[in-house]
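**Q** Following this message is one structure expressed as structure tokens.
The values are calculated or read from the model by the stated rules, or taken from the named source; none is laboratory data. Just so it is clear, the model here is predicted, and its values are computed rather than measured. We place every Cβ from the backbone using ideal geometry, glycine too, and count neighbours over all the protein chains shown.
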Amino acid sequence: MATAEEENKAASHPAYYEMILGAITELGEKDGSSKLAISKQIEATYGDRLPEDHSAVLSESLAKLKESGKLLFVNNNYLKPDTDAQPRRGRGRPPKPKPDVPEGPELQSTKQRSLPAKENKPVSASSGKKRGRPPKGSNTNGDSAPEIAGITPTGPKRGRGRPPKVSSSTEVSVE
């Protein structure tokens with residue numbers, strides 16, 4: 001259990017947020033204050049009322065304030081952000097603004113209303129052909145294979161890919 005003296009020490013100094021901002025204000029450096037300068041200023045002001053793990057708590061508090069945007073961290077120095085400066089945006093492109101949806105009784109859930117039946121429009125019967133590219137296997141002419149310059153292919157069917165290299169055999173006569 002904590003003694004009354006330890007509880008008194010913990011409650012005798014303000015929150016670290018207030019101490020850090022006060023130290024930065026008192027130091028008044030235009031380029032910001034370093035962590036060491038802030039720590040020394042807090043120790044000089046609050047002295048023996050600080051906890052033993054003051055440096056660890058100070059580091060955590062500075063990191064939290066930096067992440068939340070209440071302090072800026074530039075060149076290893078901590079600065080108070082300008083009051084008239086715009087807040088930092090998040091990473092990435094901002095989302096598009098959503099259109100205003102009028103609120104009123106005409107809005108119904110999609111489950112209650114039914115969509116009108118679609119009318120199928122007949123394909124133009126004048127050409128007698130289907131739309132689009134015909135399937136690969138069917139020919140409109142009825143020929144089994146296309147003729148290229150009047151020559152019909154004969155012989156064995158060629159396989160896929162590049163044919164193997166023909167090795168030339170050189171005959172060596174042994175005498």
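**Q** Search the range 63-84 for residues being more than 25 Å from the chain's Cα centre (by Cα) and among the hydroxyl-bearing types (Ser, Thr, Tyr), and hand back the single one that is nearest to Glu26 (Cα to Cα).
**A** Looking at residues that are more than 25 Å from the chain's Cα centre (by Cα) and among the hydroxyl-bearing types (Ser, Thr, Tyr), I get Tyr78.
**Q** In addition: If you take the residues of the range 60-89 that are loosely packed, with under 13 Cβ neighbours inside 10 Å and of a type in the set (Gly, Ala, Ser), which of them is modelled with the lowest pLDDT?
**A** For the range 60-89, the residue satisfying everything is Ala85.
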